[in-house]
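Since every read-out is calculated from the coordinates, none of them should be taken as a lab result. Just so it is clear, the model here is predicted, and its values are computed rather than measured. In this analysis, Cβ positions are derived from the backbone assuming ideal geometry, glycine residues included, and neighbour counts consider all displayed protein chains.
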Amino acid sequence: MRSFFKIFFASLLAFFVFSLIVVFIIIGMVGSLTKKDQPGLEAKSILTIDLGKHFPEHAANTPMAAFGEDEPPTLYEVVRLIQHAKTDNNIAGIFINADGNANGYASSNEIRTAILDFKTSKKFVIAFGNVVSQNAYFVASAANKIYVNPTGTIEWLGFNVSLPFLKGTLEKLEIQPQIFYAGKFKSATEIFRTEKMTPENRLQTIEWLGDMYRYFLQQTSVARGIDTAALYQLAATAVIETPQDAVAAKLIDGVKYDDEVKAEIKKTLGIGRADKLNFISINTYNDAVNVRKVGTNKIAIIYAEGDIVDGEGSADNIGGERFRALIRKARLDDAIKAIVLRVNSGGGSALASDIIWREIQIARTEDKKPVIVSFGDVAASGGYYIACGADSIFASPNTITGSIGVFGIIPNMEAFFKNKLGITFDGVSTAPYADAGGVYKPLGEKERSLIQNSIERIYAQFKQRVATGRRKDTAYIETIAQGRVWSGEDGLRIGLVDRLGNLQDAITSAARMAKLTDYGLREYPESESWLNSLLNKKKAEPSAMIREELGEENYKLFEQMKKIKAMTGSAQARLPFEIMIK
């Protein structure tokens, strides 16, 4: 027996030592992989920006990034990299790949503004695409030259928003949506209760979409030297059918194949026909240069992107508790002198929005730290709620904002359960309303009254928060609230925002308010180590596998169903659905 235990423990010790060696080898391998060699920059390099890549507000921080997986830089990094390239002697110009655009119009506007500033260096900017969408053209129009493949396409048909309506679907399923809302423009519930847009929703959509289209035409007019009326007429008559039509209308500079565009760049750089062009992607350039601003005093940038949800949330949304902790961490840090909140959210939970709002107020009033807000593509409903009490709000002209309203949904699924699934419910309660809000039965009159009163109270509180933060009378706020959606340009006119500008403008304003001339930036949420990312169970959700199994379109429907589930049973301050502008 002694011999057995001797052999057993010796084997166990050997296994333990072997495991330790393997762990250290893996750590060493990962360490070598994560130490990305900074690529050397050659003279006459061309910075390439692929608009087909989505540039997120905040780093995705996926575990595989530690193993060298290429990830796009964030939107603000892209802007800073373009600014750096302006004075980088090794960068001769910028090449824009305009085959589609995976970024929203406000995000695209930040990239476009940075490119326009880059052009003041007298370096060239050339845009080229095979299939150029209007959103891609918006950025490409900042270039010195725009070329499209002779057999490609360029879209010039005006903007469109198409909304889905689920009333008929719910009727077929015998599900009755019991809806409560405050604000006649609160279109978030229309998808469940109507078969088409209400007159109020049609009116607001015509106005905010019209504002965005006018801005698009105005910027194109300045860039291309074409009157806005002429640009509008080109779309109204649908005369741009081919790239050659676009050349005749002066929307682009010519039709060329990829090799012809590269030949022109070689001629511009004065290099031989057989010489190789050194294209450097924005990803690679991000590895090659350091654009991080450093300093003893700090400005915190807190990125709030996605739906606003109760609890901790995840990396893909704005958890009320998690973001309260982030703001608290920033406001209690003596090195941080100001906070910039970057909002890209259509809203969500009213409770979580108020929790975040409260923490921002403490930062401003008790900790005496300036709080500046920068709006991205969308900052509406709960996204506006968390921002309304800031010292100053910046928005892009084509930001979607406002939507100051509240709604709630409790579906009556009694018929669905009984007739479709054969399920019935019965139970015992100690009081008449102990089962109030159950989805397996219709709401009674008293229950409806309780829920509607709750919605009205939250709506009144929302309006009061806005009135106090914007230093306006509540009666005036009522005239611009009621769930109505506005463009950033209109938001400035009616007092929902203070200035038109981008994230950098907001940071500059924060530095000025905090009386800082030399400062660094600290970004939140902070990046986790590769090991924590790999071991974090919350980030191990098989969303990628689900996406692959369902396909992209079905996955979007799946995500919408998750959002509908999140809406059920709680007051919501959110936009109805993801707005896609075509």
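Equivalent ellipsoid of the range 315-410: semi-axes from √(5λ) of the C-alpha gyration tensor, largest first, are 22, 16, 11 Å. Here the extension length gained between Leu173 and Phe279 equals 32.7 nm, from 0.36 nm per residue of separation less the Cα-Cα distance.
With a Förster radius of 35 Å applied to the beta-carbon distance between Asp435 and Arg358, the computed FRET efficiency rounds to 0.65. Centre-to-centre, using Cα atoms only, the range 372-409 and the range 422-473 are separated by 24 Å. Distance cut-off 31 Å, Cα to Cα: go down the list Lys196/Lys472; Lys53/Lys172; Lys145/Lys276; Lys167/Lys418; Lys119/Lys250; Lys44/Lys250 and report the pairs above it. Pairs exceeding the cut-off: Lys196/Lys472; Lys53/Lys172. The GluC sites (Glu not before Pro) of the range 225-314 that DSSP puts in a loop, and whose beta carbon has at most 15 other beta carbons within 10 Å, are Glu241, Glu312. Approximating the spin labels as points 7 Å out from Cα along Cα→Cβ, the Asn160-to-Tyr476 distance works out to 4.0 nm.
Amide hydrogen proximity for Ile336: with H placed 1.01 Å from N in the peptide plane, the residues at 5 or more positions away or on another chain lying under 5 Å are Lys298. Ranked by how many other Cβ atoms sit within 10 Å of their own Cβ, fewest first, the residues Thr237, Thr189, Thr194 fall in the order Thr237, Thr194, Thr189. Simple spin-label estimate for Asp518 and Asp333 gives 2.0 nm between the two label positions (7 Å along the Cα-to-Cβ direction from each Cα).
If a/c stays under 1.5 just call it rounded; otherwise compare a/b with b/c (prolate if a/b is bigger, oblate if not). Do that for the range 108-194, with a ≥ b ≥ c from the square roots of the Cα gyration tensor eigenvalues. Prolate shape, in that a/c is at least 1.5 and a/b is the bigger ratio. Residues Thr220, Thr151, arranged from fewest to most other Cβ atoms within 10 angstrom of their Cβ, appear as Thr151, Thr220. Annotation: the residues Val428, Val485, sorted from fewest to most other C-beta atoms within 10 Å of their own C-beta, follow the order Val428, Val485.
For the range 394-441, the spread of Cα coordinates along the three principal axes comes to 55, 30, 10 Å, biggest extent given first. In a simple Cβ point-charge model (Lys, Arg +1; Asp, Glu -1; nothing else charged), the range 150-302 has a dipole of about 600 debye relative to its Cα centre. The label point for Thr151 and the one for Tyr232, both projected 7 Å from the Cα toward the Cβ, are 3.8 nm apart. What the Cβ-Cβ distance of Gln464 and Asp310 gives, at R0 = 25 Å and to the nearest 0.05, is a FRET efficiency of 0.70.
The slack in the chain from Lys267 to Thr508, taken as 0.36 nm per residue of separation less the alpha-carbon distance, amounts to 82.8 nm.
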